[in-house]
Amino acid sequence: MIDPSSLVDQYCHGILRTELGLGTFEAQLARTEGPPAPGTTLFDTQTGFAVRRWCPPLLGLEPHCPPALYLARRRELGFLEAGRRLLRGSGITTYLVDTGLPGDLTPPDEMAGAGGGEAREIVRLELLAEQVADTSGTVESFLANLAESVHAAAAHAVAFTSVAGVRHGLALAPEPPGPGEVRGAAGRWLGDRRVGGELTDPVLLRHLLWIAVASGLPVQLHAGLGEPGARTDRTDPVLLTDFVRATAGLGAHLVLLHGYPYHRHAAHLAGVFPHVYADAGAALVRTGARAATVLAEILELAPFGKILFSSGAGGLPELHVVGAQLFREALARVLGDWVAEGAWSPDDAQRVAGMIAAGNARRVYGL
Amino acid sequence: MIDPSSLVDQYCHGILRTELGLGTFEAQLARTEGPPAPGTTLFDTQTGFAVRRWCPPLLGLEPHCPPALYLARRRELGFLEAGRRLLRGSGITTYLVDTGLPGDLTPPDEMAGAGGGEAREIVRLELLAEQVADTSGTVESFLANLAESVHAAAAHAVAFTSVAGVRHGLALAPEPPGPGEVRGAAGRWLGDRRVGGELTDPVLLRHLLWIAVASGLPVQLHAGLGEPGARTDRTDPVLLTDFVRATAGLGAHLVLLHGYPYHRHAAHLAGVFPHVYADAGAALVRTGARAATVLAEILELAPFGKILFSSGAGGLPELHVVGAQLFREALARVLGDWVAEGAWSPDDAQRVAGMIAAGNARRVYGL
Amino acid sequence: MIDPSSLVDQYCHGILRTELGLGTFEAQLARTEGPPAPGTTLFDTQTGFAVRRWCPPLLGLEPHCPPALYLARRRELGFLEAGRRLLRGSGITTYLVDTGLPGDLTPPDEMAGAGGGEAREIVRLELLAEQVADTSGTVESFLANLAESVHAAAAHAVAFTSVAGVRHGLALAPEPPGPGEVRGAAGRWLGDRRVGGELTDPVLLRHLLWIAVASGLPVQLHAGLGEPGARTDRTDPVLLTDFVRATAGLGAHLVLLHGYPYHRHAAHLAGVFPHVYADAGAALVRTGARAATVLAEILELAPFGKILFSSGAGGLPELHVVGAQLFREALARVLGDWVAEGAWSPDDAQRVAGMIAAGNARRVYGL
C-alpha cells in the first residue's frame, strides 16, 4: 500500500467559524450562480457524495448517512469540535492558507491549532493591492505602498497567489508594464474606485505579478475552473506560455493551481519550464470518485518533481478531509496499479508518492 | 446490477422508411465529408462494431456477425419488422423526436408505434424559421408569423432545439438583438433567399433563441461534434457562458446536447447554472467501447440531477439500440465500480441511475 | 494475446552517433526550455520510467535499474552495439525517418542496418526550402528550384512532413497563396535572411504545403505538442479544418502527427475526412504508464483504418524501444479488454491491431 507519511496542503483556505444548517452547509459544497435547480440538491454531486463517504465516520456515524443526520451530529458536537475532529482526521500535516477570501474564516494560526499541524500564510496579491488602495491618497503613494507591502508580505508569507486569470483572463501581455503605463492605470483605477472596489485592470494585474516575481517567493496562479460564471477558456494555462517564458531564470517558482479541465496543459508547462509546477488538488475535490483518473492525467506530462498536492478547500473542514482522502486514495490506486503492471518499480512509486504529497512542496516553499 | 427500469431518450430522430443495402446502411453509420477512404469501411469504427455487437441478436443472429449477413437478414425481415424488433429491443420507453432532419424519417407517432412506447416532438428552430420564410411575403409578416409559429409549437412540442452553434458558432452575442437589428437582418435574409435557403444569420439565430426562451419550453443547444465539417472549436459550450448567464432566471431550461469532445465543459456549465443541463448520449454512440469513460467524464462536474440520457440516433433504428445499450452498460459499469470501491452507496447509485435514465428528463420536460 | 507480427514506425528520427554520459542522456529524455529544476531530474518522468522499464533487459540488466548503472552498461557496450541491440529489440520492422532534425543522427540506411529492418526517408518541407534558399540567388530561381526540389524529393521519399504549425500555428489561410503573394513573401524572406535562417513566413509555409500536396505524396502535419515553448493551443488540429477541406479530393493523404493533448480532435478529423489520418505514437512515449488510455482516446472517433503507429523517437534508440513497447502493450491491453467485455470480437481485435501496427501505413505510404 503506497501511502505518504505526511501531507503538505499547498493551497487551502480557513474554515467557517459559525454553526451551519442543512442549507448553508449545502451552499458550501459547490460554487454556483444561484441556488440549486428545483428538484435537485448539491449533495447529489461528486463532492457531496465524497463528503458523505469520508466525513461521517470522523464524527462517529456510518459512511453515506443522510445529510440531515450528518448535520444534526455536526451541530451536536459544535462547529469547533467538529472542525477539530475533521481536520485532525484529514491527515494533513501542514496547511498553506490563502487568507484572501472574504467571510469569517479561521486564520492560519487557528488552522494549525484546530488541525494539530503547522500552517503558513499565502498572500493574495489582488486583495493586498485593494487594501493598499483603500489607504493611499495618491498614485505615487499607492505605488510606493504597494511595493512596500509586497516586500513586507514576502518576509512572512510562504507564497503569493494571483487571481488575475479569473479577474481578466490569462491572456495577459507577457512583459512587465512600463512605469508610465502603470502610473496611468493606477490613476484611472484609483480615480474611479470606491473603497473595497475590485482590481480588474490588466496593467495593474501584470504589475502585481511582476513585483511578486521580483520578490523571489513562489507565485501561485489560478487556472482552469475558478469563479463559477467565468469563461473557463480564458483561464486555460496555455495562455500563460509567453508570460512563463518571460519569467524564466528570475528565481521565482510559478505554481499553476487547479488547472482542470485544462490540467493536461498545466502539466505540459510544468514539463517544459524548469520554474513551473502543477497542482494536483482542487480538481480532485470537485471530481470525487473520478479523482484517480484526473490525478493520472496530471501524471502524464508533469515531471514527478513538479507536482504538488493541495486540497483547495475552504469554508467547510469537510472539504479538507475530502481533498486529502481522495488524493491519498487516488495516489495509492494509480501508482499501485502501475507497480502491479510492472510499469513502475515499488521503490519509485513510494518515492514519487512522498514527493507529490509533501517533498516537492517542502523544497518549493522552503518549509 | 444497476439497471434503470425505464429510459427516456431526450433527443433522437426518426428512422428511415426504406430498404437499405450494404452501402446505404454503411453511409448512415457516421457523418462524414465524402465516402470512406479506399481500403477502409465505416463498419471499422466504434459505432460499426457496437452495431455488430448489439443488433444481430435482436434479429436472431450471432453478435459480431459479418455486415453482409446482417444486412441480408435485415432485408429478409423487411425494414418495418426489423425496425420494430430493434426499437422494442432498445429498452427505450419514451422518445423525444427532433423532426427537423431532412429525409423520409418516421414522425413521432410512428416511432411510438414501432417502438411500443411514447413519443413527443422536439421542434427545430431554424427549420421552423425557414418554413415561415417560405410562406411570408414581407419582413413584418415573417416576424409576426415566426413569433406565432414558435408560440403554436410551444403548445404541442416538448422542447425546442437549436443548431445555431453548427450554423454560426456558439460565440453569439449574449443579449437579445434589438427590434431594428432583427428587422434589418430579416430584410437582408429574405431579400437574398431562395425557397428552402438555410438560416445562418447570427442576428436571426439569436432572435430565434430568445423567443424560444421566452416560450418557457426547454431549449436544446447543439454543442461539440455536429455537422461533419464544422470547426469543432466553434461549438465549445464554454462559448455560451455569457448567453447562459443572460438567460438565467427566465424560467426556461437550457440543455447542452452532445458536448463531446468538450463534454467536461458542458458538465461544468450544468454545475454552475441552475437552468443548464448536460446530455449523456450522442457521444456514447460515437465512442462505442469507450462509452463508460466518456459517461464518467460527464459525471465529474455535472450534478446528478442535471444529466439526461439521449441516443442522438436517427436514420437507423440500430443507432437507437446502440445508444440505449451502451448507455445502460456504461451506467452499470461506472456506478457499479464506484459502489464496489465504497465511493458511492448502493442506494445512491440506484437512485442516480434512475435520475439520469428517466427521472431528470421527466422533470425537465414535464412528461 | 493480441500482438501484431510487424510494426511500421511511420514517423521517427535517426539516433545519435556519439557516446553519452548521464547528463547528455537525460537531456534527450524530454524537450524542455532549460535544464531540470534544482532537486528534480528528467528521469523522474513517464518517459524516464518507461526507459528504465523496457531498456535495461535488452542490455542484460534488470528492469528499473538505476540510471547510472544503465549508462555504465551502455558505454561498456559502446553506442553502436547498444543501438543495435536496442533497435533490434524494439520489434520495429520498418522505419520512416524524418531526416530534417539537426545533430549527428543516423540516416535511414544506417537505421535499417542497425535495426535489421527497412527504412525510408521522410523529407521535411521547411528544411528543404531553407536549403534551396541557401543556394538560390533570386526570387525566381528560389521558387523554381523549390518546385524542382519538392518534385525530386517526391521521387525517392515516402512522405513529406511539415512543421508549419510549430513555426506559425495551424490557423493558416486554407487556400493556396496566389503567385504574386508568394513572390512578394519570398522576396521579403530572402532579402532579410542570413544563411541557415528559419522559414516562418505563413505565405511560404502555405505555398510549401500546397506544392507538397500537389506531389501526391502523403503530407504529415505536426499538431499538438511540438517545440517545447510553443503555444500549444496554436497547434490544435481543429484549426486545420478548412485547409483539410480545401485539400480533399486532390489525391494526397494528410497525416496528423502527435495530436496530444488534442488527439481526440485529430481523431475526429480522421473520422470526417477521407484523406485524413491520425497518429498513435509520440504521445505514448511522453505519457508512459498512461499509454493505454491515450491510445484508447484516439480509438474513440478515428476509424480503425485511419490510425497509424509511430514512435516519434529520435536521438536515443531507447525512445524507439519505448515507443514500440508501450504501443504494443497498450494495444494488447485496450483491445484485449474490449474482447473480454464482449464489445469486440477476437477476430476483429486481431485484424484492427494489424491495421494500426502496419497495414494502414503500408497502404498509405505504398510500402
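Do we have any residue at all in the range A:18-29 that's touching an Asp or Glu at 6+ places or on another chain (Cβ under 7 Å), surrounded by fewer than 18 Cβ atoms within 10 Å (Cβ to Cβ), β-branched (Val, Ile, Thr) and more than 14 Å from every other protein chain (Cβ to nearest Cβ)?
Here is the first cut: in the range A:18-29, the ones touching an Asp or Glu at 6+ places or on another chain (Cβ under 7 Å) are A:18.
Adding the requirement that they be surrounded by fewer than 18 Cβ atoms within 10 Å (Cβ to Cβ) leaves A:18.
Keeping just the survivors that are β-branched (Val, Ile, Thr) gives A:18.
Applying the additional criterion that residues be more than 14 Å from every other protein chain (Cβ to nearest Cβ) yields A:18.
The answer is yes, given that some residue of the range A:18-29 is touching an Asp or Glu at 6+ places or on another chain (Cβ under 7 Å), surrounded by fewer than 18 Cβ atoms within 10 Å (Cβ to Cβ), β-branched (Val, Ile, Thr) and more than 14 Å from every other protein chain (Cβ to nearest Cβ).
On the basis of being surrounded by fewer than 24 Cβ atoms within 10 Å (Cβ to Cβ), within 11 Å of chain C (Cβ to nearest Cβ) and over 21 Å from B:His268 (Cα atoms), does A:Val238 make the cut?
Values: surrounded by fewer than 24 Cβ atoms within 10 Å (Cβ to Cβ): yes; within 11 Å of chain C (Cβ to nearest Cβ): yes; over 21 Å from B:His268 (Cα atoms): no.
Against the criterion (surrounded by fewer than 24 Cβ atoms within 10 Å (Cβ to Cβ), within 11 Å of chain C (Cβ to nearest Cβ) and over 21 Å from B:His268 (Cα atoms)), A:Val238 does not qualify.
Here's the yes/no breakdown for (1) at the interface with chain C (Cβ under 9 Å from one of its Cβ atoms); (2) surrounded by fewer than 23 Cβ atoms within 10 Å (Cβ to Cβ):
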| residue | (1), (2) |
| --- | --- |
| A:Gly224 | no, no |
| A:Glu227 | no, yes |
| A:Arg234 | no, yes |
| A:Ala252 | no, yes |
| A:Gly259 | no, no |
| A:His263 | no, no |
| A:His268 | yes, no |
| A:Gly271 | yes, no |
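Of everything in the range B:332-365, what is among the small types (Gly, Ala, Ser), crowded, with 24+ Cβ neighbours inside 10 Å and assigned to a loop (DSSP other than H, G, I, E, B)? Give them in sequence order. Full working, then the answer.
Looking only at the range B:332-365, we keep the residues that are among the small types (Gly, Ala, Ser), and these are B:332, B:336, B:340, B:342-343, B:345, B:349, B:353-354, B:357-359, B:361.
Filter once more, so that each one left must be crowded, with 24+ Cβ neighbours inside 10 Å: B:343, B:357, B:361.
Across the range B:332-365, the qualifying residue is only B:Ala343.
Just to be sure I understand, how many residues within the range B:34-84 are more than 14 Å from every other protein chain (Cβ to nearest Cβ) and either closer than 21 Å to C:Arg351 by Cα or not aromatic (Phe, Trp, Tyr) (or both)? Steps first, please.
Looking only at the range B:34-84, we keep the residues that are more than 14 Å from every other protein chain (Cβ to nearest Cβ), and these are B:58-60, B:68, B:71-84.
When the remaining residues are screened for being either closer than 21 Å to C:Arg351 by Cα or not aromatic (Phe, Trp, Tyr) (or both), the result is B:58-60, B:68, B:71-78, B:80-84.
Of the residues in the range B:34-84, 17 are more than 14 Å from every other protein chain (Cβ to nearest Cβ) and either closer than 21 Å to C:Arg351 by Cα or not aromatic (Phe, Trp, Tyr) (or both).
Residue by residue through the range C:270-284, note down the ones that are within 16 Å of C:Met355 (Cβ to Cβ) and within 12 Å of the chain's Cα centre (by Cα).
C:Ala278, C:Asp279, C:Ala280, C:Gly281
State which residue pairs qualify: first residue at the interface with chain B (Cβ under 7 Å from one of its Cβ atoms) and within 15 Å of A:Ala296 (Cα to Cα) and inside the range C:287-312, second residue among the hydroxyl-bearing types (Ser, Thr, Tyr) and surrounded by fewer than 24 Cβ atoms within 10 Å (Cβ to Cβ) in any location, beta carbons under 8 Å apart, and separation of 6 or more residues or different chains.
C:Ala296/B:Thr293
If a residue must be modelled with pLDDT of 95 or more, more than 22 Å from B:Arg31 (Cβ to Cβ) and either among the aliphatic types (A, V, I, L, M) or touching a helix residue (DSSP H, G or I) at 6+ places or on another chain (Cβ under 6 Å) (or both), how many such residues does the range B:191-228 contain?
Total satisfying the criteria: 14.
Please state which one of C:Leu316, C:Leu284, C:Leu326, C:Leu240 is at pLDDT 95 or above, of a type outside the set (Val, Ile, Thr) and under 30 Å from C:Phe142 (Cα atoms). Write out each step before concluding.
Working: C:Leu316 fails: under 30 Å from C:Phe142 (Cα atoms); C:Leu284 fails: under 30 Å from C:Phe142 (Cα atoms); C:Leu326 fails: under 30 Å from C:Phe142 (Cα atoms).
Every option except C:Leu240 fails the conditions.
Within the bounds of the range B:199-206, is there any residue that is without any contact (Cβ under 8 Å) to a residue 40 or more places away in the chain, surrounded by fewer than 16 Cβ atoms within 10 Å (Cβ to Cβ), of a type in the set (A, V, I, L, M, F, W, C) and assigned to a helix (DSSP H, G or I)?
Looking only at the range B:199-206, we keep the residues that are without any contact (Cβ under 8 Å) to a residue 40 or more places away in the chain, and these are B:200-203.
Going one step further and asking which of them are surrounded by fewer than 16 Cβ atoms within 10 Å (Cβ to Cβ), we end up with B:200.
Still in the running and of a type in the set (A, V, I, L, M, F, W, C): none.
For the range B:199-206, residues without any contact (Cβ under 8 Å) to a residue 40 or more places away in the chain, surrounded by fewer than 16 Cβ atoms within 10 Å (Cβ to Cβ), of a type in the set (A, V, I, L, M, F, W, C) and assigned to a helix (DSSP H, G or I): absent.
Condition check ((1) part of a loop (DSSP other than H, G, I, E, B); (2) more than 8 Å from chain A (Cβ to nearest Cβ); (3) farther than 27 Å from C:Val158 by Cβ; (4) at pLDDT below 95) across all residues:
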residue: C:Met1; (1), (2), (3), (4): yes, yes, yes, yes
residue: C:Ser5; (1), (2), (3), (4): yes, yes, no, yes
residue: C:Tyr11; (1), (2), (3), (4): no, yes, no, no
residue: C:Arg31; (1), (2), (3), (4): yes, no, no, yes
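Is it the case that some residue within the range B:82-99 is aromatic (Phe, Trp, Tyr) and touching a residue at least 60 places away in the same chain (Cβ under 8 Å)? Walk me through it before giving the result.
Going through the range B:82-99, the residues aromatic (Phe, Trp, Tyr) turn out to be B:95.
Remaining after also requiring touching a residue at least 60 places away in the same chain (Cβ under 8 Å): B:95.
Yes, that holds for at least one residue.
Kindly indicate whether B:Arg333 is in contact (Cβ under 8 Å) with a residue 40 or more places away in the chain and touching a Pro at 6+ places or on another chain (Cβ under 8 Å). Before you say what the answer is, go through the steps one by one.
Values: in contact (Cβ under 8 Å) with a residue 40 or more places away in the chain: yes; touching a Pro at 6+ places or on another chain (Cβ under 8 Å): no.
No; evaluated as a whole, the condition is false for this residue.
Just to be sure before I move on: is B:Glu329 surrounded by fewer than 24 Cβ atoms within 10 Å (Cβ to Cβ), acidic (Asp, Glu), facing another protein chain (nearest Cβ under 9 Å) and over 23 Å from B:Pro174 (Cβ atoms) in the structure I sent?
Details: surrounded by fewer than 24 Cβ atoms within 10 Å (Cβ to Cβ): yes; acidic (Asp, Glu): yes; facing another protein chain (nearest Cβ under 9 Å): yes; over 23 Å from B:Pro174 (Cβ atoms): yes.
Yes: the conditions hold for B:Glu329.
Identify the single condition in (1) more than 23 Å from A:Ala270 (Cβ to Cβ); (2) out of contact with any His (no Cβ under 6 Å at 6 or more places or on another chain) that A:Leu221 does not satisfy, given that it satisfies every other one.
(1)
Kindly provide the set of residues from the range A:100-130 that are surrounded by fewer than 16 Cβ atoms within 10 Å (Cβ to Cβ) and in contact (Cβ under 8 Å) with a residue 12 or more places away in the chain, ordered by number. It would help to see each step written out before you state the result.
The first filter runs over the range A:100-130 and keeps only residues surrounded by fewer than 16 Cβ atoms within 10 Å (Cβ to Cβ), leaving A:101-104, A:107, A:109, A:113, A:116, A:118.
If the condition is that a residue be surrounded by fewer than 16 Cβ atoms within 10 Å (Cβ to Cβ) and in contact (Cβ under 8 Å) with a residue 12 or more places away in the chain, then A:Leu101, A:Gly103, A:Asp104, A:Pro107, A:Gly116, A:Glu118 are the ones that fit.
Would you mention how many residues in the range B:128-154 are within 19 Å of B:Asp98 (Cβ to Cβ) and of a type in the set (Asp, Glu)?
The qualifying residues number 1.
What number of residues in the range B:24-49 are over 15 Å from C:Leu301 (Cα atoms) and among the charged types (D, E, K, R)?
Total meeting the criteria: 1.
Of the numbered conditions (1) buried (at least 19 other Cβ atoms within 10 Å of the Cβ); (2) among the hydroxyl-bearing types (Ser, Thr, Tyr); (3) under 22 Å from B:Ala358 (Cβ atoms), B:Thr45 satisfies every one except a single condition; which is it?
Exception for B:Thr45: condition (3).
Counting residues that are within 23 Å of C:Gly366 (Cβ to Cβ), which helices (runs of 4 or more DSSP H) fully inside the range C:54-130 reach at least 2?
Numbers: elements: C:67-77, C:79-90, C:108-115.
Passing ranges, in order: C:108-115.
The values are calculated or read from the model by the stated rules, or taken from the named source; none is laboratory data. On a predicted model such as this, the values are computed, not experimentally measured, just so you know. Don't worry about glycine lacking a Cβ; one is built from the backbone with ideal geometry, like all the others, and counts go over all protein chains shown.
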